[in-house]
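Only one structure is covered here, and it is reproduced in the block below.
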Amino acid sequence: MADGTQPIEAAWAADAIRALFDPKTGWLDRRVHSDAALYQLELERIFARGWNFMCHESQLPNVGDYFINYIGEDQVICVRGEDGAINVLLNTCRHRGNALCRAEQGRAKSFVCSYHGWNYGLDGRLIGVPGQSTYYRGDLDRSRLGLVKAAKVESYLGFYFATMAGDAPSLHDYLGDVGRTGLGMVCANGDVEVVDGIQKNVIDCNWKIAVDNLFDWYHVAYSHASAGAAGIFDPAAILHPKDQMVMLGDYGQAIGGPGLRKAEQAKIDRMSDAARAAYARSSESLFPRVRPAMARELMGPEGVRSMGHPNIFPNLWITLGGSQMCLRLPRGPSATELWWFTVVPKDMPAPLRQTVIRAATHLFGPAGLLEQDDGENWSQSTRAASGFSSRKVGAALLMGLGHDEVSVGENGQRSIEGLVGEHAQRWFYRSWTEWVAARDWAELEATRSPPPTGAV
C-alpha cells in the first residue's frame, strides 16, 4: 500500500509514471529519486522482473561454493549445486522466514536454519525437518516447502544473472548487442576471474542517481579536480570531451564515454597484439589501453572502439576498461549500497595483478578518492529530491538534445559520436519509466521504445 489504504498502482497510474520524464524536452521529475511508492514499484517491476547480476563463475568453482547477493532487496544464495549448475535461492526459510545463510560467501553441504533446524539441499529442496514424525505427526509435505528459486538463471561469458520472472526473455536477448558489448569489454583481454573480497559501502543517495552518473563525463573535470591536481589521474588522458561515443540498446542497456575515432581503430587493427601493447605504452596512443585483436569478436567492430562505461540495466556498472564492476543495490529511496568487484585476467602476472588491484581500490570503492567526490554530489541531489519545493523544480537533462545523430556502422552496430552529452542518461530514464509503468513482461514488450535512430 502506498499510504496504508490504497494499492501502489492506484497511487501511480501508468500515464503518470511515463510523464515523470519527457524525452523530447529532457525534463525529469525529481520525485523519481524520492517517492516511496515508486520505489516499491521498482522492486516489483524492475528488479524482480529484470535480469540481475549474481556472480562470476570464478567465484563458485566447486560444488557447495556459495555467494550471497540481492535481487532488489531480496537476499539470495548463489550456489553451485551437486549437478554443477548454479542455483539462485531466496535466503529465507520457508518455516518462519529466518535467513539461512549469514556469511557473505563460503562452502556448504546444505543450508540449515539456525532457528528450528530446517535443512535445505544445494538445490533448495527441504531435506530435513526436526520432529517431522513426532511434532508434525508425519503430516508435512517437504516437497512443497523448498526454498524459492529464481525463475531463470543464465550466464554470458561466465557472468551469471537471474530473474524472478518466468516469462522474461533469454539473457542473450535481454543483453542485446549493447549489453553483450559491455560484458565483452571485461573479457577483452582473455579469461577473467573475480578477486576475492567484494568492497561494500552505503551512500545516502537514490540508486538511479548513482547509475546515471556513470554515463556523466561532464562532471569529471569539476568534481574530480582535486584528484587530478594531486596527480592521482590525468583528466585529459581519459576525458576526451570531443570524442565521445554512446551506444543505446534494448531494455535500457547503454554505454557512454570516450571512444576511439574510426581512423585510429583502423590503424590499431593492422597491428599485431605485441605491436598494440607497445603502442599503448608509447606517447602516440590516445588511451592508456589498447585492446588485443580478440576484443573485436567480443565487442563488435564498432563497440571495440568504446572506452566508456557500460551499464547492464538496471544497475551493473563496468569501469576502468573492464577491471572493475559495481552493483548499485537499492536500500530504500534514499540509500544505495555499492558492491565493487575487481576483475583480472587469469593469466595476469602477480606484480601486474597487484598493481591493477591497488589502482582500482584507490580510484573507486570505499577507499577510492573519486568515489568520495561523487558520493557527496549524489547525496545532496537525493536530499533535494525530497524537499517540498525543491522537488518541484525538476532536473534538466538537456545536453546534446536534438544536436546529434545515430550512425550505423559495421555489422549494424549503432552509436552516437561527438561531444560530451546526456544521451545515455535520457535513455536510462526513458527506459525506467517504461519498465515501471508496465504491469508485466507482455505489457513492457508492447510499450517499450526501441533504441533511437536518426536525430537524437
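The values are calculated or read from the model by the stated rules, or taken from the named source; none is laboratory data. Owing to the predicted nature of the structure, the values given are computational and were not obtained by experimental measurement. Methodologically, a virtual Cβ is constructed for each residue, glycine included, from the backbone with ideal geometry; neighbour enumeration extends over all protein chains shown. Accessible surface is based on the protein model in full, side chains and every heavy atom, while ligands, DNA and RNA are left aside. Shrake-Rupley method; radii C 1.70, N 1.55, O 1.52, S 1.80 Å.
Of note:
- Single residue of the range 288-311 satisfying the filter (touching a Ser or Thr at 6+ places or on another chain (Cβ under 9 Å) and in a helix (DSSP H, G or I)) that is most open to solvent (accessible area, probe 1.4 Å): LEU298
- Qualifying positions in the range 131-147 - in contact with a strand residue (DSSP E or B) (Cβ under 8 Å, 6 or more places away or on another chain) and open to solvent by less than 60 Å² (accessible area, probe 1.4 Å): LEU145, GLY146, LEU147
- Inter-residue pairs, beta-carbon under 7 Å, first in the same structural domain as ARG305 (by TED's automatic domain parsing) and in the range 389-410, second open to solvent by 40 Å² or more (accessible area, probe 1.4 Å) and assigned to a loop (DSSP other than H, G, I, E, B), 6+ apart: MET399/TYR218; GLY400/LEU419; VAL406/THR453
- All conditions in (1) open to solvent by 30 Å² or more (accessible area, probe 1.4 Å); (2) of a type in the set (Gly, Ala, Ser); (3) more than 29 Å from GLN372 (Cβ to Cβ) hold for GLY128, with the sole exception of (1).
- Any pair with Cβ under 7 angstrom, 6 or more apart, that starts in the range 189-214 at a residue that is assigned by TED's automatic domain parsing to the domain that holds TYR66 and closer than 15 Å to ASP373 by Cβ and ends at one that is open to solvent by 10 Å² or more (accessible area, probe 1.4 Å) and part of a loop (DSSP other than H, G, I, E, B): none
- Out of ARG353, ARG426, sole residue that is assigned by TED's automatic domain parsing to the domain that holds GLU302, among the basic types (Lys, Arg), part of a helix (DSSP H, G or I) and under 16 Å from MET247 (Cα atoms): ARG426
- ALA442 passes every criterion in (1) of a type in the set (A, V, I, L, M, F, W, C); (2) touching a strand residue (DSSP E or B) at 6+ places or on another chain (Cβ under 8 Å); (3) over 23 Å from ASP22 (Cβ atoms) apart from (2).
- Considering residues of the range 253-287 that are hydrophobic (A, V, I, L, M, F, W, C), free of Cβ contacts under 8 Å to residues at least 60 places away in the same chain and outside any helix (DSSP H, G or I) only, the residue most open to solvent (accessible area, probe 1.4 Å): LEU286
- Subset of the range 92-120 (residues that are outside any strand (DSSP E or B), in contact (Cβ under 8 Å) with a residue 40 or more places away in the chain and within 14 Å of CYS78 (Cα to Cα)): THR92, LEU100, GLU104, ALA108, LYS109
- Selected residue (only one of VAL420, VAL436 is among the β-branched types (Val, Ile, Thr) and either part of a helix (DSSP H, G or I) or surrounded by fewer than 17 Cβ atoms within 10 Å (Cβ to Cβ) (or both)): VAL436
- Members of the range 373-391 that are open to solvent by 50 Å² or more (accessible area, probe 1.4 Å), in a helix (DSSP H, G or I) and more than 16 Å from LEU214 (Cβ to Cβ): GLU376, GLN380, ARG383, ARG391
- Within the range 42-84, considering residues that are open to solvent by 10 Å² or more (accessible area, probe 1.4 Å) and among the polar types (S, T, N, Q), the one farthest from the chain's Cα centre (by Cα): ASN62
- For the range 356-368, the candidate set comprises residues that are in a helix (DSSP H, G or I) and not charged (D, E, K, R); within that set, the residue that is most open to solvent (accessible area, probe 1.4 Å) is HIS362.
- Residue match in the range 222-230 (condition: more than 22 Å from PHE364 (Cβ to Cβ) and open to solvent by 20 Å² or more (accessible area, probe 1.4 Å)): no
- Single unsatisfied condition, GLY249 versus (1) of a type outside the set (Lys, Arg); (2) open to solvent by 10 Å² or more (accessible area, probe 1.4 Å); (3) over 24 Å from GLU337 (Cβ atoms); (4) touching an Asp or Glu at 6+ places or on another chain (Cβ under 7 Å): (2)
- Condition check for LEU171: crowded, with 16+ Cβ neighbours inside 10 Å and within 16 Å of LEU89 (Cβ to Cβ): no
- Condition check for ARG328: within 17 Å of the chain's Cα centre (by Cα) and either under 19 Å from ILE255 (Cα atoms) or surrounded by fewer than 21 Cβ atoms within 10 Å (Cβ to Cβ) (or both): yes
- Residues in the range 222-241 include none that are part of a strand (DSSP E or B) and either aromatic (Phe, Trp, Tyr) or in the same structural domain as TRP427 (by TED's automatic domain parsing) (or both).
- Within the range 392-414, considering residues that are of a type in the set (S, T, N, Q) and either open to solvent by 90 Å² or more (accessible area, probe 1.4 Å) or in a strand (DSSP E or B) (or both), the one nearest to ASP22 (Cα to Cα): SER407
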